[in-house]
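Read the structure below first, then the notes.
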Amino acid sequence: MERKVRSHPTQNESLLFEISSPGKKGYQLPDLDVPPLDMAAALGESNVRREIEGFPEVSEVEVIRHFTRLSTWNYAIDLGVYPLGSCTMKYNPRVNELVARLDGLAWAHPYQPESLSQGAMEVMAHLERALLEITGMDAVTLQPAAGAHGELTGILLVRALLEKRGNPRRRIIIPDSAHGTNPATAAIAGYQVQNLRSNELGGIDLEGLARAVDEDVAAMMVTNPNTLGVFENDIAKAAGILHAKGALMYMDGANMNALVGIARPGDFGIDVMHLNLHKTFSTPHGGGGPGGGPVAVKAPLEALLPLPRLKRIGDEWAWDYDRPESIGRVRAFYGNFGVLVRALAYTLAHGGNGLRNATVDAVLNAVYLRKKLEAHYELPYSSPNMHEVVFSDDRQAKHGVRTGDIAKRLIDYGFHPYTVSFPLIVHGALMIEPTETESKQELDLLADALIAIAAEVESDPEMVKSAPHSTRTSRVDEVTAARRPKVRF
Ligand SMILES: *Cc1c(COP(=O)(O)O)cnc(C)c1O
């Protein structure tokens, strides 16, 4: 079969400023049949907009075509695989959107009285029950708006529990493979970060942990499977080491797509964890939200959860604000409700076995990619991977080509890049997470592109280093673009 490579639509697009010509307008109106009004007199001088200097003068169809063409340059999960590791960029089933747009849910207002909010409250209660079943925990808050916000909520809960027990303690242990939000969370919650070096398999070093834990350690924050995509086989033992010294085990649940329906954190010693609804439970993400970061806890932390909490009075739902030990609100109202609706729709549309299948397929897809690519890219940790796989650019670096160059070349093949240079314990990391939603054909296209690039690195490294070649702009100064964006022509 001929190998199909997606090509970009032409990106030879002018700026609106460049096609502007004096006097062109987006509309043409008949002459007024009433006397013209003096705007400044009617509205007040300060309320009337002055002419904007240099504002482009273009027709309506020029504007529409310009923005429609720009929109086709956008890479999206609806266009093809989005292999960003750690991000779980899975396809978002349309049924979620359908349910989230139901009038009664979409137009629900948080100030509606409880008597008119029973359906919305039942959605939240139902989602809570589903998440408790999936995680094996005892109670959950749906308030946090994303993963990092869930982490902060979780560590504030840890602090509150330890304070209640007499001493909030001072340190939080975080492995060197952790996501950057983990140490940021610990610091914002007022803790010192103690780095724990991973063992040679990339996992928790139990002996190192035992040496590090004392009565001043509040908790350990661990991602499982970790950011190498490897399951922490010793997680229960690690939790035991912490518990023996009165410390807690926090799990960053961003990688729950590898566990749902298979293993429950509540069964392997986790005290508190967050979920990323926009990752595992398929809310569209990227571009800054909205997201959902529910935090699930074991019973000793339940009284501390953010308020209000749902409670049942007779056969009605009510909000309970009478929770004296609560850490307080972490978000206006009840969290990002639309995201909660999507997560419940996703969960119910799959059912228990369907969720389990999704997990198995996510792992199968990542293992398939590993098998196809390991002859071409260096695999620094050989432990069996789960839902994602991390290569390094060691072989390509010998030709002066780094992970960022390979990622840029992937754009020429019509794919969104993988995650570049994370986790930090792998020098020159290529982190790939296909998710369960990709077909074998799509995975083969991605693998073929990466294999072709590995060959190009041998034959023509300079070409790879100057990629992408198919886009309007090739290499941008990413730092200056972020720090000092120039948005005017
Ligand atoms: C995505 C991610 C986070 C942060 O979650 P946000 O929802 O982006 O705030 C934390 N840890 C890991 C491992 C992640 O992949």
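Could you give the size of the charge dipole of the stretch 360-483 about its Cα centre, using +1 on the Cβ of each K and R and -1 on the Cβ of each D and E, expressed in debye and rounded to the nearest 20?
About 280 debye.
Taking a point 7 angstrom from the Cα of Arg197 along the C-beta vector, which residues in the stretch 382-396 have backbone N less than 12 Å away?
It comes to no residues whatsoever.
Any chance you could list P(r) for the stretch 28-108, counting all Cα-Cα pairs in 5 angstrom bins from zero, rounded to whole %?
3, 9, 8, 9, 12, 12, 10, 11, 12, 7, 5, 2, 0
Whose amide H sits under 5 Å from the amide H of Thr223, counting only residues 5 or more places off or on another chain, with H placed in the peptide plane?
Asp252
Determine the shape class of the stretch 251-359: with a ≥ b ≥ c the square roots of the Cα gyration tensor eigenvalues, call it rounded for a/c under 1.5, and otherwise prolate if a/b is greater than b/c, oblate otherwise.
prolate
To the nearest 20 debye, what is the magnitude of the charge dipole of the chain about its Cα centre, counting +1 on the Cβ of each Lys and Arg and -1 on the Cβ of each Asp and Glu?
Using Cβ point charges on Lys, Arg, Asp and Glu, the chain gives about 500 debye.
What full-extension length gain, to one decimal in nm, is calculated for Val360 and Glu57 as 0.36 nm per residue of separation minus the Cα-Cα distance?
Extra length from Val360 to Glu57 when fully extended: 103.6 nm.
Provide, as a two-decimal number, the C-alpha radius of gyration of the stretch 102-151 over 2.2 N^0.38 Å, N being how many residues it has.
Cα Rg divided by the expected 2.2 N^0.38 Å: 1.33.
For Phe422, enumerate residues with amide H under 5 Å from its amide H, sequence gap 5+ or separate chain, H modeled in the peptide plane.
Placed amide hydrogens put Ala429, Met431 under 5 Å from Phe422.
Would you compute, for the Cα atoms of the chain, the largest minus smallest coordinate along each principal axis and list the three values in descending order, in whole Å?
81, 67, 42
Charges on Cβ only, +1 for Lys and Arg, -1 for Asp and Glu, centred on the Cα centroid of the stretch 94-349; of Val297, Gly240, Pro308, which one is farthest towards the dipole's positive end?
The residue sitting farthest along the positive end of the dipole is Pro308.
Stokes-Einstein at 37 °C, 0.692 mPa s, Kirkwood radius from Cα pairs: D for the stretch 360-489 in µm² s⁻¹?
Translational D for this selection: 212 µm²/s.
List the residue ranges in the chain for DSSP H helices whose C-alpha atoms run 24 angstrom or more along the long axis and whose Kyte-Doolittle average is 0.0 or above.
For the chain, where a helix must reach 24 Å along its axis and average at least 0.0, the hits are 118-135, 147-164, 337-373, 440-459.
Looking at the stretch 192-265, which GluC sites (Glu not before Pro) are in a loop (DSSP not H, G, I, E or B) and have at most 13 other Cβ atoms within 10 Å?
Those satisfying the criteria are Glu200, Glu215.
Per 10 Å bin from zero, what fraction in whole % of the C-alpha pairs of the stretch 217-297 is there, up to the bin with the longest pair?
Values per bin, smallest distances first: 19, 49, 26, 7, 0.
Taking Cα pairs under 8 Å and at least six residues apart, what relative contact order does the chain come out at, in percent?
Dividing the mean separation by the residue count of the chain yields 19 percent.
In Å and on Cα atoms, what radius of gyration and Dmax does the stretch 271-310 show?
Cα only, the stretch 271-310: 12.5, 36 Å (Rg, Dmax).
Among Ser117, Ala148, Asn47, whose Cα projects farthest towards the positive end of the dipole of the stretch 37-181, with charges put on the beta-carbon of Lys, Arg (+1) and Asp, Glu (-1)?
Ranked along the dipole, the leading option is Ala148.
Among His387, Leu373, Gly404, pick out the residue whose Cα is farthest towards the positive end of the charge dipole of the stretch 360-483, where Lys and Arg carry +1 and Asp and Glu carry -1 on C-beta, about the Cα centre.
Going by the Cα projections, it comes out as Gly404.
Per residue of the chain, what 222 nm ellipticity follows from adding -39500 (n - 2.57) for every DSSP H run with n ≥ 4, rounded to the nearest 500?
The helix-only estimate for the chain comes to -11000 deg cm²/dmol at 222 nm.
Provide the gained length on full extension for the span Leu16 to Asp394, in nm with one decimal, where the gain is 0.36 nm per separating residue minus the Cα-Cα distance.
Roughly 131.7 nm would be gained on extension.
Can you compute the modelled spin-label distance between Glu133 and Glu325, with each label point 7 Å from Cα toward Cβ, in nm?
Going from the Glu133 label point to the Glu325 one covers 2.8 nm.
Over 19 Å between Cα atoms: which of Lys90/Lys298; Lys371/Lys440; Lys408/Lys465 fall into that group?
Long pairs (Cα-Cα over 19 Å): Lys90/Lys298.
Percentage of Cα-Cα pair distances in the stretch 25-177 greater than 21 Å, rounded to whole percent?
The share of Cα pairs beyond 21 Å in the stretch 25-177 comes to 76 percent.
Let me check I have the definition right: for the stretch 94-349, take the eigenvalues of the Cα gyration tensor, multiply each by 5, take square roots. What are those semi-axes in whole Å, largest first?
32, 20, 15
Treating each Cα of the stretch 345-433 as an identical point scatterer and ignoring solvent, apply the Debye formula and state log10 I(q)/I(0) at q = 0.13, 0.19, 0.21, 0.22 Å⁻¹.
-0.50, -0.88, -1.00, -1.06
Just so you know, all these numbers are worked out from the coordinates, no wet-lab data involved. Worth saying up front: this structure is predicted, and the values here are computed from it rather than measured. Backbone-built Cβ (ideal geometry, glycine too); neighbour counts: all protein chains shown.
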